[in-house]
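Please read the structure below before turning to the comments.
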Amino acid sequence: MSDEKLDLPQGTLDLLILKAVSLGPMHGWAISERIRDVSRATLQIPQGSLYPALHRLERRGWITAEWGASDNNRRAKYYQLTRSGRSQLQAEADAWRSLTAAVSLVLDMG
Amino acid sequence: MPNWLNDVLSEIRYRFRAVFRKRAVENDLDDELRFHIEQEAKKLEATGLPSHEANRQARIAFGGVERIKDDTRDVNGVSWLEILVQDLRYAARGLRARPAFTASVILTLGLGIGANVAMFGIVDRLLIRAPAHLRDPSRVHRIYLTSVSDGRDVTDAFTEYARYLDFARFTKTLDATAVLASNQFAVGVGEDAKEMPIGIVSASFWSFFDAKPALGRYFTASEDSIPTGSPVAVLSYAFWQARYGGSPDILGKSLQIGPALCTIIGVAAGGFAGIPDDGVPAAFIPATLYGYGVSSARGSIDYYNTYHWGWLSVLVRRKPDVSLEATNADLTNAYRLSWEAERAISSNTTPVEVARPRAVAGPVVFERGPNATPVARLALWIAGVATIVLLIACANVANLLLARALFRRREIALRLALGASRRRLFAQLLTESLLLGTLGGVAGVAAAQWGGAILRSLFLTDVATAGVVRDVRTLVFAGAAALVAGLLTGVVPSLQAGRAALAPALKTGAREGTYQRSRTRTLLLVLQSAMSVLLLVGAGLFVRSLHNVRSMRLGYDVDPVLYVELNLRGLRLPIDQRAELARRLVDAARSIPEVQSAARGISVPFWSTESLGFIVPGVDSLRRIGRFTVQMASADYFTAVGTRILKGRAFTDADRADGPLVAVVSQGMADAVWPGKNAIGQCIKIDRPADPCRMVVGVAENIHQNSLTENQKLQYYLPSDQMRPNEANVFIRTRGDASAHAETVRRALQKVMPGASYVSVMPMREIIDPRQRSWQIGATMFLVFGALALLLAAIGLYSVIAYGVAQRTQEIGVRIALGAGATDVMRLVLGQGLRFAVVGIVIGGAAAWSASRWVGPLLFSVSPKDPVIYGTVALALLAAALLASAIPAVRAARVDPNVALRSE
């Protein structure tokens, strides 16, 4: 467990999950691994919130779940982005970019 | 799919799984989390840890599995679906715990909903739905013809075959035209012969429908060609099943239909009834075959090129791009051309300028057109009445629920105090009443299915096709009615319960302080009695109408008279033999002991009318006076049917073919043709001015020929032997009720008939009764529903007053202790019940009074404001109120002050 681990700001977890799933069907463990790897272990998703979040997104209809066989032939639940999930991802990503851009502008002033 | 819809669907799918597949969802979650931990462990193992250590670390890293599962489950939340299921279970448990209450509510709602479901089915069939299998119903019409006669517009849907040909020939806006008619015929021979409705249609008729024959084929234009047509028949599916057991090898077999021996060429599609004006036909025959049969029996086959025999309706289909207005203009134009054509061959036809013939493309179903009988309008009224009955039923149930809500005040207050939200409580109580509504709906459908058969037979001619359970439209209506009933009964009590003040309800005992007059309940009671008054006034009006129409003098007697029709069945008799046959029948009838008198005559009121072109020397405006009808009658005719001779004499046996030519005219005709003069001794001529004079020898009373509401004033009589003696049928007057002797007479007369020919004997009552049907239906239905309403209102009043007395036991005890006598107490309670009744009478009476303008046209010589009826209804309601409050009043008077006060 590295010390550079950051707490996720409110609402970003959904964005990260949507993004991860947008790359292809993925099970819960793979999603958390993928996010950790890509963020160079800076972003670590608390296991306690991953599954509630996945189920919440499924309920909203942004992702769908399907049972399939994993690499080592075990039964695993694969999540996949839906069409409305894709537009949601687009919207949230845009909002995030403009927010961070705005925040940097403010931080860089003076 | 729009996003929001997608969201909603996904939500619903997810919720359904969460509620109904709880176990599966739990297992899935377990599997999912276990898989995660195993993956994590595998990763750790890859770094060199022993497997049990990897497992342990993975588990620690993951955190509390149960907590995560809880959090995940929370995402599901408690869904509305789960709440609904929970509320339904709770409501069902509550209803099961009170079987008497539940049963009475379901019965009450079931009666109310059942009445409405049954009436909807009838109104739908009479007024809304298109005939089964009809293609493009919006473009298909029946032609209605209007012309001026007797100075006013007369509209009729029936016309001549020649006119049908004219419409086909002279119009440009139509896709197709067809002949539509029906008649009763004896089907089969010997013992099997049975009178059944037969559809008489042109070959083009079949093209109006999308219905493939179940067997064989329909007839073609070459089998329906002028003049003779071909003796072929298409059976209805039901008749095929009933008579032949659905046997496929009936094609090519023969079936005697009336006078024609027809070859069976096909069976119509199942459920196909054409456009059934007079019952579902057993079979269909070509129009030309029928026209040929009837006109050849009359001696001249001219049905297709003359205009004196109207028997058919014209069915048309507009071209797709033609407006209704354009079609109507086209039809009127064609009718004028046809009128001119008629005038060209029959010079005494009224000129076009005077008759102003007009034609419109109207509704296919006769009962929806301008000539509809009052039955259709009456059905709407009865449907309205059924709605009122349902409202009364709902008011009763609402009252019961209110009373129950009072008993449940503490339970409800407790639940509120424990933190149940008022909205939640409201939803829960409403669920209960919706459940009651649904159960009532099921009971209603059952009631409509079994009890409604009686209603349907009153209103509908094609009963065979009716039914509730298999009819989707009616079932949808039943569902809607149940929902509305549930809401109506539930909303007010649920709102009131939710509004209850907490503290006092919790504090007090069940008895103390709970008696309070509920304004809502009072209002419901008053409404109930007002609506009962409304319905009972309607019942009174219709019963009086029925009585009046039954006892009205028609210009002939009904009950003692039999009409005997000769059916020769293709037997071709020379004119003099046919005339002799009728004479022999009269003689045979006279020898039957039960028969008082018998005579010959041709036409029957309400069934057929005859008219002849005739001339009165010195009167040239005869046609402008109106349409004259004629009866060819033998001696004794007037005695036999009971038409009174007012002046001069009736016909005698001396008025033979070779005797002096004579006539009898009606009083109305005498007044119209020879105003201010003595009609006796005047001269009328038939057909041509060169014809000899027929001298008027008598004046008879006016008769009701075609309508119960209007006299046919212009009627005259010629001696049977002097005009068409070969067309005579027989009228018989029996001692006492004629229908009792019909079979005796039929057997006796049948012996006279040669070969396969036969007589049908019809009591006059059976001919007149259908004309009085609307008043009979009105009286029956209003009485039944009115009584139902009164019963419901009385039960409602009883339950409220009894409840009030139970709640006021203490107060009454105090009154008695202070010296009030039993009569004072009874007066107190009875007065309460009577007050409701009086207010109800005033309101209901006012409502009935203001509705009288609309109900007036449906009545028969009774004022819709008849004071006797209003008075009787008021008394009935007062009596019901007295009865309903008498039991609680007696109970109140028996209150023992000791017991009542000690219980405090």
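The values are calculated or read from the model by the stated rules, or taken from the named source; none is laboratory data. All of these numbers come straight from a predicted model, not from anything done at the bench. Backbone-built Cβ (ideal geometry, glycine too); neighbour counts: all protein chains shown.
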Filter region A:33-52 for residues that are more than 8 Å from chain B (Cβ to nearest Cβ) and of a type in the set (Phe, Trp, Tyr) and give the result. none
If the requirement is being at pLDDT below 80 and outside any helix (DSSP H, G or I), which of these qualifies: B:Thr520, B:Thr514? B:Thr514
Within region B:281-299, take every residue that is modelled with pLDDT of 85 or more and of a type in the set (Val, Ile, Thr) and give me the one that is surrounded by the fewest Cβ atoms within 10 Å (Cβ to Cβ). B:Thr288
Top-ranked residue of region B:557-577 - restricted to ones that are of a type in the set (D, E, K, R) and in contact with a Gly (Cβ under 8 Å, 6 or more places away or on another chain), ranked as nearest to B:Asn702 (Cα to Cα): B:Asp557
Any residue in region B:803-817 that is of a type in the set (Phe, Trp, Tyr) and over 27 Å from the mean Cα position of the chain (by Cα)? yes
Can you work out which of the residues in region B:779-815 that are hydroxyl-bearing (Ser, Thr, Tyr) and under 22 Å from B:Arg894 (Cα atoms) is modelled with the highest pLDDT? B:Tyr798
Can you name the strands (runs of 3 or more DSSP E) wholly within region B:266-365 that have at least 3 residues being among the small types (Gly, Ala, Ser)? B:358-362
Might you let me know whether region B:483-505 holds any residue that is small (Gly, Ala, Ser), at pLDDT below 75, more than 44 Å from the chain's Cα centre (by Cα) and not in a helix (DSSP H, G or I)? yes
Could you grab me the full set of residues in region B:809-859 that are within 25 Å of B:Ala376 (Cα to Cα) and of a type outside the set (Gly, Ala, Ser)? B:Trp849, B:Arg853, B:Trp854, B:Val855, B:Pro857, B:Leu858, B:Leu859
Which of the following residues is in contact with a Phe, Trp or Tyr (Cβ under 7 Å, 6 or more places away or on another chain), under 20 Å from B:Arg59 (Cβ atoms) and among the charged types (D, E, K, R): A:Arg75, A:Arg59? A:Arg75
In region B:656-683, what residues are in contact with a strand residue (DSSP E or B) (Cβ under 8 Å, 6 or more places away or on another chain) and outside any loop (DSSP other than H, G, I, E, B)? B:Val662, B:Ala663, B:Val664, B:Val665, B:Ser666, B:Gln667, B:Gly668, B:Met669, B:Ala670, B:Val673, B:Cys683
Please work out which residue is farthest from the chain's Cα centre (by Cα), limiting yourself to region B:115-132 and to residues that are under 13 Å from B:Ile382 (Cα atoms) and among the small types (Gly, Ala, Ser). B:Ala115
Among the residues of region A:19-32, is any outside any loop (DSSP other than H, G, I, E, B), away from chain B (no Cβ under 13 Å), touching a residue at least 24 places away in the same chain (Cβ under 8 Å) and surrounded by fewer than 21 Cβ atoms within 10 Å (Cβ to Cβ)? yes
Inside region B:136-164, can you point out the residues that are out of contact with any Ser or Thr (no Cβ under 9 Å at 6 or more places or on another chain) and more than 15 Å from B:Asn328 (Cα to Cα)? B:Asp136, B:Pro137, B:Asp150, B:Gly151, B:Arg152
Would you check if there is a residue in region B:843-857 being more than 30 Å from the chain's Cα centre (by Cα) and surrounded by fewer than 18 Cβ atoms within 10 Å (Cβ to Cβ)? no
For the subset of region A:62-79 comprising residues that are polar (S, T, N, Q) and free of Cβ contacts under 8 Å to residues at least 12 places away in the same chain, which member is farthest from the other protein chains (Cβ to nearest Cβ)? A:Asn73
Residue by residue through region B:414-430, note down the ones that are surrounded by 19 or more Cβ atoms within 10 Å (Cβ to Cβ) and over 21 Å from B:Arg521 (Cα atoms). B:Leu416, B:Gln428
Given region B:36-144, what helices (runs of 4 or more DSSP H) lie entirely inside it while holding 3 or more residues that are away from every other protein chain (no Cβ under 14 Å) and surrounded by fewer than 15 Cβ atoms within 10 Å (Cβ to Cβ)? B:51-62, B:80-97, B:99-123
Residue check: is A:Leu8 under 17 Å from A:Leu89 (Cβ atoms), surrounded by 14 or more Cβ atoms within 10 Å (Cβ to Cβ) and modelled with pLDDT of 85 or more? no
Suppose we keep only residues that are out of contact with any Lys or Arg (no Cβ under 9 Å at 6 or more places or on another chain) and within 10 Å of another protein chain (Cβ to nearest Cβ) within region A:80-109. Which one would you say is surrounded by the most Cβ atoms within 10 Å (Cβ to Cβ)? A:Thr82
Taking B:Met632 as the residue in question, decide whether it is part of a strand (DSSP E or B), modelled with pLDDT of 90 or more and crowded, with 17+ Cβ neighbours inside 10 Å. yes
Residue under question is A:Leu13, and the condition is that it be more than 8 Å from chain B (Cβ to nearest Cβ), among the aliphatic types (A, V, I, L, M) and assigned to a helix (DSSP H, G or I); does it hold? yes
Would you call A:Arg59 surrounded by 14 or more Cβ atoms within 10 Å (Cβ to Cβ), within 9 Å of another protein chain (Cβ to nearest Cβ) and more than 12 Å from the chain's Cα centre (by Cα)? yes
